[in-house]
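Read through the structure below, which is laid out as structure tokens, and then see the notes.
The values are calculated or read from the model by the stated rules, or taken from the named source; none is laboratory data. Just so it is clear, the model here is predicted, and its values are computed rather than measured. Virtual Cβ from ideal backbone geometry, glycine too; neighbours counted across all protein chains shown.
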Amino acid sequence: MPTSTAASEGAIAVLMFILAPLLAFLITWAYASGMNHLGLRAWRNSDQLHWSERARILFPARNSAVSNIWFLSLNCALATWLYVSKIHPVVGCVFVAAFAGAILGTYPFDRALFPQFTIQSWLRYVVVLWSIQVGFWAMLGCATAVMPWDFTWPAYVIGGVALGLSLALQFGLWIWLLKESKLLFPAPRRLEGIVLKTSQEMQTRYHSVLCLRSPVGYAAALPVTGDLLFSEAMLSTHTDNEIAAIAAHEMAHLTESRWTVGLRLLMSLWAAPIVFIKPVAHTFGGPGVLLLMLPGLIRMAFSKRLGRRLEVRADSTASQHQEEAGVYAQALERLYEMNHMPAVMPNNKTVHPHLYDRLLAAGMTPAYPRPAKPETLSWHGAIMRFVFWVLLFVALGKSVSSKS
């Protein structure tokens, strides 16, 4: 009889490992795809409106589509934890499956905004970018989990590995990963020529110029490595003069002082100390944990202010190095329009100023009135956040009652 009972329990456990993640995948895929479809309805019906108004209408649905990837996954994991009443490997499996389902559910939404996406190109784009981001946090989570409770030599080795990987990403590891995945490739001659000419005029050096395989309009500079990135989509929609103006903006970031670049690098490492939370809590208690959170709090307080100041500086530099008056403002507006981004954001906490203000600063008065601020979330995004806080409150209450 005991043998039969053990076999039955084992079969149930195996079945749970199969069915629970499968159910989580199907639920999150169905919710994400269904709610995102409904969220696009107002945007689809606004095709007669100005692009800035359409982007304003779209923003809450778009923001909800992204945030729901995380909140759907967390809600499924919390619900599973409440069901099994203990930390169990199936909770992690459910989170991963729910995450995959929620991401797959965003494909019709992304395709509606960027018809150039095929399922193959979208999968490569999404899987690679999410893998790098989630992989980094998974590494920190694993390092925190295996960290000993005391400051012994394994603790320093684990912390050193976490810090080393964080530094490696800043010094080009993620660029290498994007190259290996074929998302990044050497710039075509047209882009190389534009960037070279702009750098000579600005007397600014750069390490390399790369092209991102993406239908999203994008340009970036990496001050730590000196690399410049431009998306394929931007090259296909912008003129040479417009690309040169955007390149001037990005090159302005490569002229930032060593102190500023060092500060950027330091702020990017804010999460690395968290891996020491177990030995710090064991040795120093609550005050030590609060001190460990200080880098994150400092980053929250100052990184966006620093970023905003540097973006305003880069905008000014681009305006000074444009071929013709108004070219940079025109390039910026085209970039926002093709990405369906609002001309005015919900608040002033973003790194970039509002597009409307950037256009005015660049000497261009838009041909449309200043748009109203968009809502932050749509109703289906608010629901998932509400459910998360309810489940978290129940889980914390259950954890406290089980210990008492």
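At-a-glance table
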item	result
Strands (runs of 3 or more DSSP E) fully within segment 167-265 counting 1 or more residues that are of a type in the set (S, T, N, Q), surrounded by fewer than 19 Cβ atoms within 10 Å (Cβ to Cβ) and modelled with pLDDT under 90	none
Condition check for GLN133: at pLDDT 85 or above and either under 21 Å from the mean Cα position of the chain (by Cα) or more than 30 Å from LYS398 (Cβ to Cβ) (or both)	no
Odd one out for ASN348, checked against (1) part of a helix (DSSP H, G or I); (2) without any contact (Cβ under 8 Å) to a residue 24 or more places away in the chain	(1)
Residue pairs meeting the criteria (Cβ under 8 Å; at least 6 apart or on separate chains; first within 17 Å of CYS211 (Cβ to Cβ), in segment 161-183; second among the charged types (D, E, K, R) and not in a loop (DSSP other than H, G, I, E, B))	GLY172/ASP227; ILE175/ASP227; SER181/ARG124; LYS182/ARG124; LEU183/ARG124
Only listed residue being among the β-branched types (Val, Ile, Thr) and in contact with a helix residue (DSSP H, G or I) (Cβ under 7 Å, 6 or more places away or on another chain), chosen from VAL157, VAL127, VAL90	VAL90
Search result, residues across segment 272-302 that are farther than 22 Å from PRO154 by Cβ, of a type outside the set (D, E, K, R) and either touching a residue at least 60 places away in the same chain (Cβ under 8 Å) or surrounded by 17 or more Cβ atoms within 10 Å (Cβ to Cβ) (or both)	PRO295
Test: ARG358 is part of a helix (DSSP H, G or I), over 29 Å from ALA248 (Cβ atoms) and either out of contact with any Gly (no Cβ under 8 Å at 6 or more places or on another chain) or hydroxyl-bearing (Ser, Thr, Tyr) (or both)	no
